[in-house]
1. Just to be sure, is residue A:295 more than 14 Å from chain B (Cβ to nearest Cβ) and among the polar types (S, T, N, Q)?
2. Is it the case that the stretch B:96-110 has a residue that's more than 23 Å from residue A:351 (Cα to Cα), surrounded by 20 or more Cβ atoms within 10 Å (Cβ to Cβ) and away from chain A (no Cβ under 14 Å)?
3. Can you tell me which residue in the stretch A:147-162 is surrounded by the most Cβ atoms within 10 Å (Cβ to Cβ), limited to those that are over 22 Å from residue A:120 (Cα atoms) and of a type in the set (A, V, I, L, M, F, W, C)?
4. Among the residues in the stretch A:337-345, are any under 26 Å from the mean Cα position of the chain (by Cα), surrounded by fewer than 16 Cβ atoms within 10 Å (Cβ to Cβ) and either modelled with pLDDT of 95 or more or within 12 Å of chain B (Cβ to nearest Cβ) (or both)?
5. Filter the stretch A:346-367 down to the residues that are part of a loop (DSSP other than H, G, I, E, B) and at pLDDT 95 or above, then identify the one that is surrounded by the fewest Cβ atoms within 10 Å (Cβ to Cβ).
6. Within the group A:355, A:326, which residue is within 30 Å of residue A:18 (Cβ to Cβ) and within 12 Å of chain B (Cβ to nearest Cβ)?
7. State which residue is farthest from the other protein chains (Cβ to nearest Cβ) when the search covers only the stretch B:1-34 and only residues that are assigned to a helix (DSSP H, G or I) and in contact with a helix residue (DSSP H, G or I) (Cβ under 6 Å, 6 or more places away or on another chain).
Amino acid sequence: MSKPIQIYLDNNATTPCDPRVVDTMLPFFYEMPGNAASRSHPFGWQAEEAVDYAREQIADLLAVSSKEIIFTSGATESDNLALKGAFEMYARKGNHIITLKTEHKAVLDSCKKIEKMGGEVTYLDVERDGRVDLNKLEAAIKPNTIMISIMWANNETGVIQPMKEIGDLCAKHGILFMSDATQAVGKIKTHPKEVGVHLLAFTSHKMYGPKGVGALYVSRKNPRVKVTSQLDGGGHERGMRSGTLNVPGIVGFGKAAYIANKEMEADAARLSVLRDKLENAFKQNIEEVYVNGNTEHRMPHVTNISFKHVEGEGLMMTFNQNVAVSSGSACTSASLEPSYVLMALGLGDDMAVSSIRFSLGRFTTEEEIDQTIKLITDGVNHMRELSPIWEMFKEGIDLDAVEWAEH
Amino acid sequence: MAYSEKVIDHFKNPRNVGTLDKESSSVGTGLVGAPECGDVMRLQIEVDKESGMIKDAKFKTFGCGSAIASSSLATEWLKGKSIDDALAIDNMEIVEELALPPVKIHCSVLAEDAIKSAITDYKSKNGL
């Protein structure tokens, strides 16, 4: 029996490590094993040099100084460090933070912790297209507001926030702008200084680098920002993040940033064509298909689609031996709740449980998209054959008027 | 999460998918769950009025693989059973047969509810 085809369209969960990245990392496991903090022998110097070089590569991608890059273990740690670190550092200025309901849990749960630490957090609603309303954002600013934390691009929908406008608002009111840019860095241009972001969290494994390494950009000039370290130890990374540096990971992260800087524009152009092909084919082949979130301000490789009257996890089961995607269905989440991001867009539970996120990547081919179109179309048809609410919908029954026996 | 082979089998080759005439007095229909919960099961039985035996059973389910498998299995079990025996089907029997993990137990509960609801509908139609 031949191996089933395996198509990976879950690049927002994690990207494969680019083979060019892996090649660059390998010597740093055995041949060059040094600790970048060892100042007294060539092993340490080599490691330090490699880290410095990677730091430059990453800084180039963001058009910032390499002194503004703090290495961490990933975006979750970077989000924690930025939010809790700034909250502690600027406690004398105020204790209020504004964020969005559609943020990643690393931001939302850090904010929850900050509330327990005596902070005050406003969780703003987004509009139906997933973007923040700037007037509502400005109205939420108070005298004690120290920071706005808004992600660059959403992980579930790919919706991009109006970064420059938010940055201008923060500058006008003299507050910090922190952004979780995990899904955006390396895929689209993310220059924090251009849009007025002061703290930018991101990670290597969403941009074809290895897992286990991330970074936080911390503005050093206009304004000079500092965050209180959340890990105590040897005072690495300008005292903001102690811990021996993950040298092979950082080297790979640097290479991934270098490649992204050169290739992301071409990747984005190619992937948006494939993404649109996928989306349009579904709209043509299948009834009752809805794209969730703003489609104009959106990452080029992402689409989030609800196939109405079909449950997402069940649908995935029809093709998950061949195509890897993710769903906003309650059944797929640990909490057994449908996606809070889609709910925040004002979609009903029934639309959220019917949603599938397709996230393409550098290694996605047109042939794979063609096969995906076929497999998912067949899957939706199979599930609708089985679906009593599809049958009721086809009979013209108003499903909203049915008294469901909720359980 | 990996599914058991039995769940996959019922999901890929669901038994007794379809619709019986819900207006017929020999048919009982149970519709349980809600779209916003991610599970809706419709289970129907056709009863031989003289013997009280279930002649046929059909289902349609909106839900995850375990929900579809639970209702497919339920229709298999219902055929040829008396109404009283059908009422005795316990959700834990479905859990065991399909090796459902704890997070999917509610799918089996829903199937049991659907069976009971279909029988209730049949009985009330026939003044039983």
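1. Judged against the criteria, residue A:295 is a match.
2. Among the residues of the stretch B:96-110, not one is more than 23 Å from residue A:351 (Cα to Cα), surrounded by 20 or more Cβ atoms within 10 Å (Cβ to Cβ) and away from chain A (no Cβ under 14 Å), which makes the answer no.
3. My answer is A:159.
4. yes
5. Ranking the qualifying residues of the stretch A:346-367, first place goes to A:365.
6. None of the others qualify; the one that does is A:355.
7. Once the filter is applied, the top-ranked residue is B:6.
This table checks each residue for (1) touching a residue at least 12 places away in the same chain (Cβ under 8 Å); (2) over 14 Å from the mean Cα position of the chain (by Cα); (3) assigned to a loop (DSSP other than H, G, I, E, B).
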| position | (1), (2), (3) |
| --- | --- |
| A:190 | yes, no, yes |
| A:202 | yes, no, no |
| A:207 | yes, no, yes |
| A:217 | yes, yes, no |
| A:220 | yes, yes, yes |
| A:227 | yes, yes, yes |
| A:239 | no, yes, yes |
| A:243 | yes, yes, yes |
| A:248 | yes, yes, no |
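The values are calculated or read from the model by the stated rules, or taken from the named source; none is laboratory data. Since the model is a prediction, treat every value here as computed from it, not as a measurement. A quick note on method: Cβ atoms are made from the backbone with ideal geometry, for glycine too, and the neighbour counts reach across all protein chains shown.
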